Amino acid sequence: MKEPLRVWLALLAAEKAVVSAVERTLDGHRVPVSWYEVLVCLARAPQGRLRMQDLASAVLLSGSGATRVVEKMESAKLLMREAAADDQRGRTCAITDAGRKLLAEVQPDFFLALDGCIGERLTLAEQRSLATLLSKLS
């Protein structure tokens, strides 16, 4: 088997294992993985807001997929959409206090899930090496 194929298959298997562990954890909080991902991206963004197109790229959703997720999250009062300050045709999303509160409630269990599927299997040095190697692919 050629090495790039072996790497790709290993990446897929690792992603499936990690996402499954995270999904099980987030299901207990009734939070879809896509919502958690959006909240994390917005919380890390300057002033807690991103343009819709940047958010869609950051969470690896199509434009229409991001719109559907954002609409549901806006209905749940976890974020709000507004006209972009520099372009009235553009839209930005901003995390709300309720979104920050939910993120804070879910994060401890999220990190426990990650620790169970990553931290217990890889040393800290291996985790750092893996993060460095994977960042070269994106």
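The values are calculated or read from the model by the stated rules, or taken from the named source; none is laboratory data. Keep in mind that this is a model prediction, so the values were computed, not measured. Cβ sites come from the backbone with ideal geometry, for glycine too, and all protein chains shown count toward neighbours.
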Note: among ARG49, ARG68, ARG24, just one is of a type in the set (D, E, K, R), at pLDDT below 95, touching a helix residue (DSSP H, G or I) at 6+ places or on another chain (Cβ under 8 Å) and farther than 22 Å from PHE111 by Cβ, namely ARG49
If you go through THR132, THR96, the only one that is more than 24 Å from ARG24 (Cα to Cα), hydroxyl-bearing (Ser, Thr, Tyr) and in contact with a Lys or Arg (Cβ under 9 Å, 6 or more places away or on another chain) is THR96
query = Has the stretch 76-99 got at least one residue that is in contact with a helix residue (DSSP H, G or I) (Cβ under 8 Å, 6 or more places away or on another chain), within 19 Å of ALA113 (Cβ to Cβ) and crowded, with 18+ Cβ neighbours inside 10 Å?
reply = no
**Message:** Just to be sure before I move on: is VAL19 among the hydrophobic types (A, V, I, L, M, F, W, C), without any contact (Cβ under 8 Å) to a residue 60 or more places away in the chain and within 24 Å of LEU133 (Cα to Cα) in the structure I sent?
**Reply:** yes
Residue set VAL7, VAL31; condition surrounded by 14 or more Cβ atoms within 10 Å (Cβ to Cβ) and out of contact with any Gly (no Cβ under 9 Å at 6 or more places or on another chain); output residue VAL31
When every residue in the stretch 40-74 that is small (Gly, Ala, Ser) and closer than 16 Å to ASP97 by Cβ is compared, the one surrounded by the fewest Cβ atoms within 10 Å (Cβ to Cβ) is ALA43
Q. Does LEU122 satisfy being in a loop (DSSP other than H, G, I, E, B), over 21 Å from VAL33 (Cα atoms), modelled with pLDDT under 95 and not charged (D, E, K, R)?
A. no
